[in-house]
Amino acid sequence: MDMHTVAVGTSGTTAEDVVAVARHGARVELSAAAVEALAAARLIVDALAAKPEPVYGVSTGFGALASRHISPELRAQLQRNIVRSHAAGMGPRVEREVVRALMFLRLKTVASGHTGVRPEVAQTMADLLNAGITPVVHEYGSLGCSGDLAPLSHCALTLMGEGDAEGPDGTVRPAGELLAAHGITPVELREKEGLALLNGTDGMLGMLVMALADLKNLYTSADITAALSLEALLGTDKVLAPELHAIRPHPGQGVSADNMTRVLAGSGLTGHHQDDAPRVQDAYSVRCAPQVNGAGRDTLDHAAVVAGRELASSVDNPVVLPDGRVESNGNFHGAPVAYVLDFLAIVAADLGSICERRTDRLLDKNRSHGLPPFLADDAGVDSGLMIAQYTQAALVSEMKRLAVPASADSIPSSAMQEDHVSMGWSAARKLRTAVDNLARIVAVELYAATRAVEIRAAQGLTPAPASQAAVAALRAAGAEGPGPDRFLAPDLAAADTFVREGRLVAAVEPVTGPLA
């Protein structure tokens, strides 16, 4: 458990803080400015609640039922009811890190002072996070509009001491029992508070932030594996020259080419084919690696800009404005986040596709320029990495299906009041699967490329120092080198963990210097 403390203020948060809280158990605390802003906004809501005129979310029903004015004696029940009725998720449980991100980001918006929630409610949200209590949230229940409604409702239900939650020991228990065990008093919601806890893009945003962190590692890892494959295929590194990329100045392309150049520095394999088996150009999957990897990097940069804007936002409906007005709005619509989640699924699928094409080339004796069939020890007796590529191909095919955009869809709800929705939660859920699969795909290419590089070394050619470092670290991690056929799944699992945890990047950077 990381004891780093994240202060929640009035002006949003950072991607680094989201990851710290969601994945590493960082503690959260409300800043003095946030507590002050919460109290000031609450005074405005209380004043409006005392007036006879109906105010949406304060003294009315919700959604298609917004036309009903709710009398004061029923308003606490109204807020409880919206949480209970909206906690209608179904399907498998969502991962703990996603729920923690969801809770933290909702707290971030509450702390802005634009929601009208009382300070004690916000403090209880922080207390839940700090106690390691994680509400049970289900896969299905958000259309990415009017907030991630069912997921956020399950979190609000835990604040009320109802429903189920997971304790810090991983055991699921009734939420009331967990709160009591940690000395946390359940909240009794008042005007607007139930609605304010449900109305945000927090789930899809949290998943976007974590996907960006994972993809940054995977794109750098893919630059390294592309360089290893180029080297193993005796390709030319001349296509990586900075002057070539300067005349098509996409930023990510130049970064990927530079990463590959650093990995290949000092190689005795690159361009070797010019001496004995001339070919005019390498295949696209080798020659165009910086262009494909780089375009993906640029898409990540765009998604990070969108995430940054959303992290600085206060998404609720209605909102409390500094001049004292409480106004309805449409800021809860998840379109900006949904689009970039889908963009990332597309570029992840294409990156996986080009990785698989290089793997297949390494295994094909007709295209590998002197490597044994399937990198097998005794081809025919041994099958080598034949089926590792089948597994990789199956993952790539799945990635293509996951790249179909969720945000191109919409389905009306709430008696046609909510007649256009973003499906951003769905986009985020499939992106998480895509990111997991991409790590596996990159790992298979790494496993094949390192075996091929070792075979070249046995042929008397000297790999680059960075390549040697990658090979040594991967072997130390439990993924074995060339030899007769053996049970392959454990080696692939070791390579997957090695890539996923950033250990490939860490292995080569002492040689290459920091890679972007």
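Taken together, the values in this text are just the output of simple stated rules run on the coordinates, not laboratory data. Everything numeric here is computed off the predicted structure, so don't read it as measured data. All Cβ positions, glycine included, derive from the backbone under ideal geometry; neighbour counts span all protein chains shown.
Computed from Cα positions, the angle between helix 119-131 and the longest principal axis of the chain comes to roughly 40 degrees.
For the stretch 137-240, a simple Cβ point-charge model (Lys and Arg +1, Asp and Glu -1, everything else neutral) yields a dipole of about 260 debye relative to the Cα centre. In the chain, a dipole from Cβ-located charges (positive for Lys and Arg, negative for Asp and Glu) runs towards its positive end, and of 332, 253, 141 it is 332 whose Cα lies farthest in that direction.
Pairs over the 23 Å Cα-Cα cut-off, from the set 108/400; 216/400; 216/430; 108/430; 192/430: 108/400; 108/430; 192/430.
In a reduced charge model with +1 at each Lys and Arg Cβ and -1 at each Asp and Glu Cβ, the chain shows a dipole moment near 380 debye about its Cα centre.
In the chain, the DSSP-assigned H stretches of four residues or longer account for a calculated mean residue ellipticity at 222 nm of -18000 deg cm²/dmol, using -39500 (n - 2.57) per stretch and the full residue count as denominator.
Computed packing ranks the peptides 495-505, 346-356, 84-94 as 346-356, 495-505, 84-94, most packed first, by mean other Cβ atoms within 10 Å.
The peptide list 226-232, 370-376, 416-422, 188-194, put in order of mean Cβ contacts within 10 Å with the highest first, becomes 226-232, 188-194, 370-376, 416-422. Only aspartates and glutamates eight or more places from residue 51 in sequence, or on another chain, were considered; those with a Cα closer than 19 Å are 73, 191, 193, 323, 327. Less than 5 angstrom separates the built amide H of residue 164 from those of 136, 175, all sequence-distant by 5 or more or on a different chain.
Amide H to amide H distances under 5 Å link residue 8 with 29, 30, 31, where only residues 5 or more positions off or on other chains count and H is placed in the peptide plane.
When peptides 289-297, 10-18 are ranked by their average number of other Cβ atoms within 10 Å per residue, the highest-first order is 289-297, 10-18. Geometric descriptor of the stretch 336-434, per residue, is 94 Å³ (volume of the convex hull of the Cα atoms). Straight-distance candidates among the aspartates and glutamates for linking to residue 365, with alpha-carbon spacing under 15 Å and chain neighbours fewer than 8 residues away dropped: 377, 378, 382.
Antiparallel versus total DSSP beta bridges in the chain: what percent is that, nearest 5? Roughly 70 percent of the DSSP beta bridges within the chain come out antiparallel.
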